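Trainee: Quick one: structure below, then a few questions.
The values are calculated or read from the model by the stated rules, or taken from the named source; none is laboratory data. In this text, all values refer to a predicted model and were calculated from it rather than measured experimentally. Neighbour counts are summed over all protein chains in view; Cβ atoms, including those assigned to glycine, are modelled from backbone coordinates with ideal geometry. Only protein heavy atoms, including side chains, enter the accessible area calculation; ligands, DNA and RNA are left aside. Shrake-Rupley method; radii C 1.70, N 1.55, O 1.52, S 1.80 Å.
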Amino acid sequence: MVVILKKNAPAEQVEQFQSWLAEHYQLEIHESIGQNCTLLGLVGDTTRVDIDLLQAMEIVENVRRIGEPYKFVNRKMHPQDTVVDCGGVPIGGGHFTIVAGPCSVESEEQILYVAQRVKAAGAGLLRGGAFKPRTSPYAFQGLRGEGIRLLLEAKKATGLPIVTEIMDLSQLPLFADVDVIQVGARNMQNFELLKELGHCKKPILLKRGLANTLQELLMSAEYILAGGNEQVILCERGLRTFETATRNTLDLSCVPLIHELSHLPVMVDPSHATGHARLVEPMALAAAAGGADALMIEVHNDPTHAVSDGAQSLTPDAFDLVAKKVFAVYDCAKNLK
Ligand code: PEP
Ligand code: MN
């Protein structure tokens, strides 16, 4: 990190500032005095440095961060890919899978049928919402504890590990037998939740917020890793932009970028990203070709009567076909490397 000091900063204040920086943040300070300004090079772990605080100081002209503000998620700290063990199914580091299932768990027959169908099509994990974050308080809110119980029944019947979303810390005891805990887009910056999940031993699927930068996503993951839990998968699920033709705008370019910046696996969710079932296949194929380590696809036995997200859900028959093509494209891209 480099701090540029104002041209006429009083020497005494500069000296005090340097000692404070060195002591407060445990950094080495390298001063270089030029004709027009003085530069301070801050060497050491600058992740704790509060840039806004430095910038507000009277003698400071500007502050530039050279390194990244995250360390545990940084590929520089951990060059090899992290492989996340999702109840026996690996994701990352060359291990690819599809997570599939309904938006919401609705009934025992529904989840058992969908679980069997997505398993037969080659999905590695079963998804299903039990706690649903809905825009309207009058919309279906999920079967809650009963939804998790039904997911566990489907796991027993098919052997598929399960992924489901937590919305609040108070729900954590219900997740004891859940294989992967999902933090949804709306909770990506629920820092208390992230801190607590940092202390748990389960893999976390962290979805990117509706209007969050890549750096913010990585900083949220940093909360979990800093707490001691290194089993985190990042998920791109589309961003809110000015475009209204699709539910969100899929930022596929973040996939190779995350691979550059971080060792964590990346999942792409073309269902929530597009909001339209017919757009799921082309975006799923693009993600599989573009380096995603996993996909999340919503599948419903009867999309027109789904209690949530029917418009973006594939029928099991449609998923059969999409999964075949996705695996073929993934293998093809892998062989081209
Ligand atoms: C979901 O996966 O069911 C979901 C609500 O997704 P998101 O948090 O990405 O909107
Ligand atoms: Mn959904």
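Trainee: How far apart, in nanometres, would the label points at Glu31 and Ala286 be if each is projected 7 angstrom from Cα along the Cα-to-Cβ direction?
Mentor: If labels sit at Glu31 and Ala286, their model points lie 5.3 nm apart.
Trainee: Continuing with the same structure: Which far-off residues, 5 or more places away or on another chain, put their amide H under 5 Å from the one on Gly129, with H placed in the peptide plane?
Mentor: Excluding prolines and chain starts, which carry no amide H, the hits are Ser104, Val105.
Trainee: In whole Å, what is the distance between the alpha-carbon centres of region 1-52 and region 156-178?
Mentor: The two parts, judged by their Cα centres, are 48 Å apart.
Trainee: With springs only between Cα atoms under 10 Å, which of Pro265, Pro161, Pro282 fluctuates most in a Gaussian network model of the chain?
Mentor: Highest fluctuation of the listed residues: Pro282.
Trainee: What does the helix-only formula give at 222 nm for the chain: each DSSP H stretch with n ≥ 4 adding -39500 (n - 2.57), the total divided by the residues, and the result rounded to the nearest 500 deg cm²/dmol?
Mentor: Per the formula, -10500 deg cm²/dmol.
Trainee: Given H placed on each backbone N at 1.01 Å, which residues far from Val60 in sequence or on other chains put an amide H within less than 5 Å of it?
Mentor: Under 5 Å from the amide H of Val60 lie the amide H atoms of Lys6, each far enough along the sequence or on another chain.
Trainee: Right, another one. Which value, in Å³ per residue, describes the convex hull spanned by the Cα atoms of the chain?
Mentor: Taking the convex hull of the Cα positions in the chain, it is 157 Å³ per residue.
Trainee: Of all alpha-carbon pairs in region 25-123, indicate the percentage at a distance above 19 angstrom.
Mentor: Result: 67 percent of Cα pairs exceed 19 Å.
Trainee: Check Thr38: other-chain or 5+ apart residues with amide H under 5 Å from its amide H, H built from backbone geometry?
Mentor: Leu5
Trainee: To continue, here is another question. Roughly how many nanometres apart are two label points built 7 Å out from the Cα toward the Cβ at Gln16 and Glu192?
Mentor: Between Gln16 and Glu192, the simple spin-label model gives 3.8 nm.
Trainee: Right, something else. Using a 7 Å offset from the Cα along the Cα-to-Cβ direction at both Leu53 and Asp331, what is the distance between the two label points in nm, to one decimal?
Mentor: Spacing of the two 7 Å Cα→Cβ label points: 5.5 nm.
Trainee: Quick one: what are the phi-derived ³J(HN,Hα) couplings along region 133-142, Karplus 6.51/-1.76/1.60 with θ = phi - 60°, whole Hz, x for glycine and proline?
Mentor: 3J(HN,Hα) across region 133-142, in whole Hz: x, 10, 4, 9, x, 8, 7, 3, 9, x.
Trainee: What is the log10 of I(q)/I(0) for region 2-64, computed with the Debye formula using one identical point scatterer on each Cα and no solvent, at q = 0.19, 0.20 Å⁻¹?
Mentor: Listed by q, the Debye log ratios stand at -0.64, -0.71.
Trainee: With a 1.4 Å probe and all protein chains kept in place, how do Arg208, Arg64, Arg247, Arg117 rank by accessible area, largest first?
Mentor: Result, largest first: Arg64, Arg247, Arg117, Arg208.
Trainee: Next question. Students often get this wrong: which residues of region 297-325 have the backbone nitrogen under 16 Å from the point 7 angstrom along Cα-to-C-beta of Phe140?
Mentor: Output list for this probe position: 298-316.
Trainee: Of Lys156/Lys201; Lys156/Lys337; Lys155/Lys207, which pairs sit farther than 29 Å apart, going by alpha carbon to alpha carbon?
Mentor: Flagged as over cut-off: Lys156/Lys337.
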